[in-house]
Amino acid sequence: MIRVLVNGADGRMGSQVVKAVYEDKDLEFVGGVSVTNIGKDAGELAGVGALGIAIREGLGQALDDIKPDVVVDFTTPKVIFENAKTCIEHGVNMVVGTTGLTAEQRGELAALAEQRKTSIFIAPNFSIGAVLMMKLSEEVAPYLPDVEIIELHHNNKLDAPSGTAIMTANKIDAARKAANAQQAPDKTHESLDGARGAKVDDIPIHSVRLPGYVAHQQVLFGGYGELLTIRHDSIDRKSFMPGVILAVKKVSSRPGLTFGLENYL
Ligand code: NAP
């Protein structure tokens with residue numbers, strides 16, 4: 001049995017992870033940490049009934065007391081870097097779903113994980129469909145190098161652009177450069193800042209935030225006289241759980257830092 005602690009266990013994603021871990025026969029849910037709902041039963045909050053495991057405060061102390069094999073983190077962009085350092089320093093393997101880590105921070109965590117012989121896995125998106133959307137986008141990019149991304153999320157998402165949109169742009173740009181594919185000139189003058197989106201690797205990303213959305217993305221490729229759109233919709237947070245469970249089971253197999261679910265598929 002792999003003993004799993006969930007950080008952010010009472011959140012939208014964290015409570016789904018508590019349920020998914022509880023329902024998996026190879027995993028044992030051993031602890032939940034958050035900043036609110038302290039003392040409340042994590043199973044009741046996740047909708048699986050009382051598990052006798054109360055939500056507690058303080059990740060470091062929880063690691064000392066519970067000694068889990070793996071921590072799954074779905075908290076907030078503000079705290080994820082510190083959380084990741086805490087886990088690595090405690091020698092506990094980690095699966096990170098929280099977005100917002102910069103490439104520099106990932107570099108620091110990679111070095112620390114290597115030094116402490118710990119594994120950390122980070123995925124901006126745990127859904128299989130989203131991973132395939134990125135893979136297909138990489139394949140199209142050398143042939144249709146003119147591309148823009150629209151990502152649409154619920155209005156409670158704290159960061160913009162989404163981690164998935166940034167990762168998609170990074171992959172498309174790498175594929176374009178490897179093929180030496182040339183983009184068409186963009187002749188538009190922006191009379192209002194942001195009208196053409198925010199650029200990542202020279203690819204405009206447009207972030208929509210509205211109640212009703214879960215997590216959606218469109219990758220729009222344009223050619224002369226033709227358009228190709230790749231679209232992915234996560235309409236339920238359940239879509240992320242098979243990827244999270246896979247990562248929990250595989251994280252110890254790859255020492256150091258691993259980035260992206262495609263590494264486990
Ligand atoms: P959420 O509902 O706000 O959940 C975050 C939880 O973390 C809340 O319960 C929050 O408590 C708690 N928290 C805040 N600070 C904490 C700390 N220092 N220690 C422990 N717990 C803390 O957000 P969500 O929708 O679940 O999303 C969480 C993260 O996952 C976001 O970064 C989101 O972008 C990302 N995400 C990733 C994927 C993926 O596939 N990788 C998919 C969906 C979402 P309070 O409510 O009291 O602040």
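What follows draws every value from the coordinates through simple rules; no lab data is involved. Bear in mind that the values here come from a model prediction, so they are computed numbers and not experimental data. Methodologically, a virtual Cβ is constructed for each residue, glycine included, from the backbone with ideal geometry; neighbour enumeration extends over all protein chains shown.
Summary of values
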{"read-out": "HN-Hα J in Hz across region 41-58 - Karplus 6.51, -1.76, 1.60, θ = phi - 60°, x for Gly and Pro", "value": "6, 5, x, 5, 5, 8, x, 10, x, 4, 10, x, 10, 7, 5, 10, 9, x"}
{"read-out": "Highest-first arrangement of 17-24, 250-257, where packing means the average Cβ count within 10 Å", "value": "17-24, 250-257"}
{"read-out": "Between helix 103-116 and the chain: long-axis angle, C-alpha atoms, 0 to 90°, nearest 10", "value": "40 degrees"}
{"read-out": "Degrees between helix 241-250 axis and first principal axis of the chain (Cα, 0 to 90, nearest 10)", "value": "70 degrees"}
{"read-out": "For the chain, built as a Gaussian network whose Cα springs stay under 10 Å, the top-fluctuating residue of Glu57, Glu108, Glu190", "value": "Glu190"}
{"read-out": "Per-residue HN-Hα couplings for region 178-184 [Karplus 6.51, -1.76, 1.60; θ = phi - 60°; Hz; x = Gly/Pro]", "value": "4, 8, 6, 7, 9, 7, 6"}
{"read-out": "For the chain: relative contact order, % (alpha-carbon pairs under 8 angstrom, 6 or more apart)", "value": "20 percent"}
{"read-out": "Inter-label distance for Asp201 and Leu158, nm, one decimal - labels placed 7 Å from Cα along Cα-to-Cβ", "value": "2.6 nm"}
{"read-out": "Amide H contacts under 5 Å for Arg3, placed H, 5+ residues apart", "value": "Glu28, Asp69, Val70"}
{"read-out": "Antiparallel bridges, percent of DSSP beta bridges restricted to the chain (to nearest 5)", "value": "45 percent"}
{"read-out": "Cross-link partners of Lys199 among lysines (Cα-Cα below 29 Å; sequence separation of 8 or more within a chain)", "value": "Lys78, Lys135, Lys157, Lys171, Lys177, Lys187"}
{"read-out": "Cα-projected label distance for Glu23 with Asn180, points at 7 Å along beta-carbon direction, nm", "value": "5.2 nm"}
{"read-out": "Antiparallel bridge percentage (DSSP; both residues within region 1-76; nearest 5)", "value": "10 percent"}
{"read-out": "Whole-number D in µm²/s for region 1-88 (Stokes-Einstein; Kirkwood sum over Cα pairs; 25 °C, 0.890 mPa s)", "value": "195 µm²/s"}
{"read-out": "Protection-proxy order for peptides 174-180, 7-13, each taking the mean of Cβ atoms within 10 Å per residue, highest first", "value": "7-13, 174-180"}
{"read-out": "Other-chain or far-sequence residues with amide H under 5 Å of Val95's (modelled H)", "value": "Val71, Val72, Asp73, Phe121"}
